[in-house]
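Readers should treat all values here as calculations from the given coordinates under stated rules, not as data from a laboratory. None of these values were measured; they are calculated from a predicted model. Using ideal geometry, Cβ is built from the backbone for each residue, glycine included, and neighbour counts are taken over all protein chains shown.
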Amino acid sequence: MDLLSVIGVILAFGAILGGNALEGGHLESLVNGPALVIVVGGTVGAILLQTPVRDFLHALSLAGSVFHLPKYEIETSIEKIIGWSHVARKEGLLGLEAAAEKEPDRFIRKGMQLLVDGSEPEVIRSTLEVEIDNQEHHDLAAAKVFEGMGGYSPTIGIIGAVMGLIHVMQNLADPSRLGDGIATAFVATIYGVGLANLFLLPFGNKLKSHAITRSQYREMILEGIVSIAEGENPRNIELKLHGYLR
């Protein structure tokens, strides 16, 4: 669990609701069904028009990861790579076949299989780089879905505000109906700006951070496997890979 993300959500809600209470406002004043429908429905509709289905579904699948830090055991992976390099020097690359078959990480297993098959270092590097770049592009496209929603949401909120004011202008002769229109106007703006700046844009930025972290981890794995293929000394490989620690 990413405690900073959880604390951030709680703090954001607490600041807005607490500030509203300090000003003498009531929670009910921030609840408005029509404004919610306008902002959420309009924002989702706009992003669906902009985004390919594949990217939209991927963004939904990654939404929960905002509250979970990606777990990459870098030190453990470095130790495994150093162990593989010792095996390769003693038994040859075919000695890694059993380790490749047992490796749970699909990306590492693919690299190990290329290594066991005797592929040239350049081939291993180019093959794994394609996968790294493709996955990063896919993940960043998902992050852009939330960024796009964060861009549309405030504008949709303004549309909701204008619609509320239109409702007000049409009912100037009936004071009893003015309150609903004014409430929708102001609350829609709050929903639009709040949704964008408290959730959607932070979600997008967090997913971009996760995508970069994954790519860096996989680049380390790539360097380790290629170094084994090139027959580098295990000590040199260890020193190289420790540069990825932070």
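Amide H to amide H, with H built 1.01 Å from N, Asp2 comes under 5 Å of His68, Leu69, counting only residues 5 or more places away or on other chains. Taking the chain as a Gaussian network, where each spring joins two C-alpha atoms under 10 Å apart, which residue of Glu219, Glu122, Glu23 fluctuates the most? In this elastic network of the chain, the residue with the biggest mean-square fluctuation among Glu219, Glu122, Glu23 is Glu23.
Spherically averaged projected area of the convex hull of Cα atoms, the chain: 16.5 nm².
Which of rounded, prolate or oblate describes region 20-122 when judged by the alpha-carbon gyration tensor and an a/c cut-off of 1.5?
Prolate shape, in that a/c is at least 1.5 and a/b is the bigger ratio.
Would you mind checking Lys144/Lys240; Lys102/Lys144; Lys102/Lys206; Lys90/Lys110; Lys71/Lys144 for any pair whose Cα atoms are more than 29 angstrom apart? The answer is Lys144/Lys240; Lys102/Lys144; Lys102/Lys206. Seen against the Cα atoms of the chain and their longest principal axis, helix 201-229 is set at about 0 degrees.
Which of the peptides 129-137, 155-163 is most tightly packed, and how do the rest follow, judged by the mean count of other Cβ atoms within 10 Å per residue?
My ranking of the peptides, most packed first, is 155-163, 129-137.
Pairs of Cα atoms nearer than 8 Å and 6+ residues apart set the relative contact order; for the chain it is 30 percent. Of the residues Met169, Met112, Met220, the one that moves most in a GNM of the chain with alpha-carbon contacts below 10 Å is Met169.
Put the Cα centre of region 1-45 next to the Cα centre of region 88-111 and the gap is 50 Å.
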